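Data first, discussion second: the structure below is written as structure tokens.
The values are calculated or read from the model by the stated rules, or taken from the named source; none is laboratory data. Computed from a prediction, not measured in an experiment: that's the story for all the values here. We place every Cβ from the backbone using ideal geometry, glycine too, and count neighbours over all the protein chains shown. Surface accessibility is based on the protein's heavy atoms, side chains included, excluding ligands, DNA and RNA. Shrake-Rupley method; radii C 1.70, N 1.55, O 1.52, S 1.80 Å.
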Amino acid sequence: MMNSTAADPPPTAVSVRDLRVRRGGRDVLRGIGFDVPRGSVVGLLGPSGCGKTTLIRAIVGVQIVRGGTVTVLGRPAGHPELRRLVGYATQNPAVYTDITVTENLRYFASVLGAPRGDVRRVIDEVGLGRHRDQVAATLSGGQLSRLSLAVALLGRPELLVLDEPTVGLDPLLRQELWELFGELAAGGTTLLVSSHVMDEAARCRRLLLMREGAILADDAPDALRARTGADDLEEVFLRLISQHVEAAS
Amino acid sequence: MSVGVTLATTRRILSQLRHDHRTVGLIVGVPSLLMILLRYVLDQPGMFDRVGPMLLGVFPLIIMFVVTSVGTLRERSGGTLERLMTMPLGKLDLLLGYALAFGLVSLLQVGVVLALSLTWLDLDLAGPVGVLVAAAVLCALLGVALGLLASAFARTEFQAVQLMPAFVLPQALLCGLFVPRDQMAGWLEAISAVLPLSYAVEAMQQVTQESGVTGTLLADIAVIAGCTLLALGLGAATLRRRTP
């Protein structure tokens, strides 16, 4: 069977091949493919509606797909063994707003079978220490999304899939979270982080640029700058789009 | 499925209710108030003794149906269900967690309403109180199971609330509460024979009128329990890990 061979883990954490998804009568993902190397932070960038969330849902195994394969940590996406190994935070904070921060985390920790001390650890990691006994409904939007992120961190998953985790956060907090992502990656965790904020992209080791259900580019930020001759990543994205449009016509 | 995860789910739902005093107040207060009203509207001791216990089965069923169907719909629309489906949580863990939590709440509800009925309202019971409580809690669990199932057919809270009359009122009309079932037209009696509430009401009648535990009562309890398990099973089948 699929024993997780710790000595020889597969070099890619996520491997997507020819993934096609149709939602609401529309092709949302049109046969995309890429690899996410282990122990790195990969940014998934693109405008709203380009298919980022659908791609993320396919990776965590909750999306019905039309075709293609998604392999996560050596197993097909959605495999029961992955339910303890993959941490997932949706764009809208998926927590119970009528109970406290600690009660939320205690519940999800029990479901995951995470050690008791994990609740305290993740509260500190996302900086919600002063709000631990606050009912979630009374948190600000940014605090709520940090609570949702904290749930994803429970049980130290090998892969973290985070959909827009930094929306609505003040710059200092955003920086702290990106430092946390860097530390996690240094410790061997793989992170796939979606965003539509270009200045966050510079912090990723690798970038996936998406537009209209396709991957425009899949490279390191510096390589993309060199390829397009642009310094600013926003400009890089624009040039890649125009190159793509020219190539298509 | 795992006992630990089921109990954690029960604990979580109970702490949600602990933060929501108004809902708990309504769950216990509304049937109490209705029982008091009923006692004075009927105002004949014999009538209340006949109808009161039946309602002791019908109230928990209706209230638990509404609370559960809205509660699970919130899990679906709030994204917590999707999150749980990516975690090592069995579908039955979630459903049994709900059933257990609301089962405990219904115990509180039935306890208060029954205490009120037996003291202030002078309800006269022939059978043992414990059996009446057990049958009422079983009715509540049936409501939980039907609510879980119904929530799969609702996209919005508006729809979920509308499903209550759809699922419950036809059963309430046919269960023998208004007209004894054997006095109905044949086809209505046939329909009522496949609706679980008919058995709930019959069980309540048995407890009120017979001093011991009768065979009919045991058969009724078996039917209610069977329907509850069936609805829970169907409810589990409507929970999907992958969605479009």
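Say each of A:D27 and A:A220 gets a label point 7 Å from the Cα, pointing the same way as Cα to Cβ; how far apart are those two points in nm?
It is 3.4 nm.
Nearest 20 debye, what's the magnitude of the dipole of the protein assembly as shown about its Cα centre given +1 on Lys and Arg Cβ and -1 on Asp and Glu Cβ?
On the way: 44 positive and 43 negative charges, 163 e Å.
Approximately 780 debye in magnitude.
Among B:F65, B:A237, B:M47, which residue has its Cα furthest toward the positive end of the charge dipole of the range B:3-238, with +1 on Lys/Arg Cβ and -1 on Asp/Glu Cβ?
The residue sitting most towards the positive pole is B:A237.
Could you sort A:I241, A:I56 by their accessible area in this structure, using a 1.4 Å probe and putting the largest first? All intermediate terms of the calculation are to be shown ahead of the outcome.
Working: A:I241 35, A:I56 0 Å².
Per-residue accessible area, sorted high to low, gives A:I241, A:I56.
What residues of the range A:42-61 lose no less than 40 Å² of accessible area with every protein chain in place versus their chain by itself (probe 1.4 Å, heavy atoms only)?
Residues passing the criterion (a loss of at least 40 Å², heavy atoms only) are A:R57.
Say each of B:I191 and A:M198 gets a label point 7 Å from the Cα, pointing the same way as Cα to Cβ; how far apart are those two points in nm?
6.5 nm
What distance in nm separates the two pseudo spin-label positions at A:D170 and A:R205, each 7 Å out from Cα along the beta-carbon direction?
According to this spin-label approximation, the distance is 3.2 nm.
Tell me, what is the FRET efficiency for B:Q162 and B:L7 to the nearest 0.05, using R0 = 35 angstrom and their Cβ-Cβ distance as r?
Approximately 0.60, to the nearest 0.05.
Count the DSSP beta bridges whose two residues both fall in the protein assembly as shown, then state the antiparallel fraction as a percent rounded to the nearest 5. Each step should come with its number before you reach the end.
On the way: 22 of 41 bridges.
So the antiparallel bridges in the protein assembly as shown amount to around 55 percent.
For B:R22 and B:A152, compute 0.36 nm times the residue count separating them, minus their Cα-Cα distance, and round to one decimal in nm.
44.2 nm
With the dipole of the range B:3-238 worked out from charges on the C-beta (+1 for Lys and Arg, -1 for Asp and Glu) around the Cα centre, which of B:I13, B:L107, B:V161 lies farthest toward the positive end?
Value computed over the given set: B:I13.
For B:L174, what charge total do you get from the other residues with a beta carbon under 13 Å from its beta carbon, if Lys and Arg give +1 and Asp and Glu give -1?
Working: positive: B:R181; negative: B:D182, B:E189, B:E202.
So the environment of B:L174 carries a net charge of -2.
If ligands, DNA and RNA are left out, what is the accessible area of B:K91 with a 1.4 Å probe, given in Å² to the nearest 10?
Approximately 60 Å² for this residue.
Run the numbers on the range A:102-133: which residues show a drop of 10 Å² or more in accessible area, chain on its own versus all protein chains together, using a 1.4 Å probe over heavy atoms?
A:E103, A:Y107, A:F108, A:S110, A:V111, A:L112
Just how much of A:T12 is accessible, in Å², when a 1.4 Å probe is used and the result is rounded to the nearest 10?
50 Å²
Tally up the carbon and sulfur contribution to the accessible surface of the range B:3-238 as a whole percent, 1.4 Å probe, everything protein left in place. Don't skip to the answer; put the middle values down first.
Numbers: 6970 of 9930 Å².
Carbon with sulfur: 70 percent of the solvent-accessible area.
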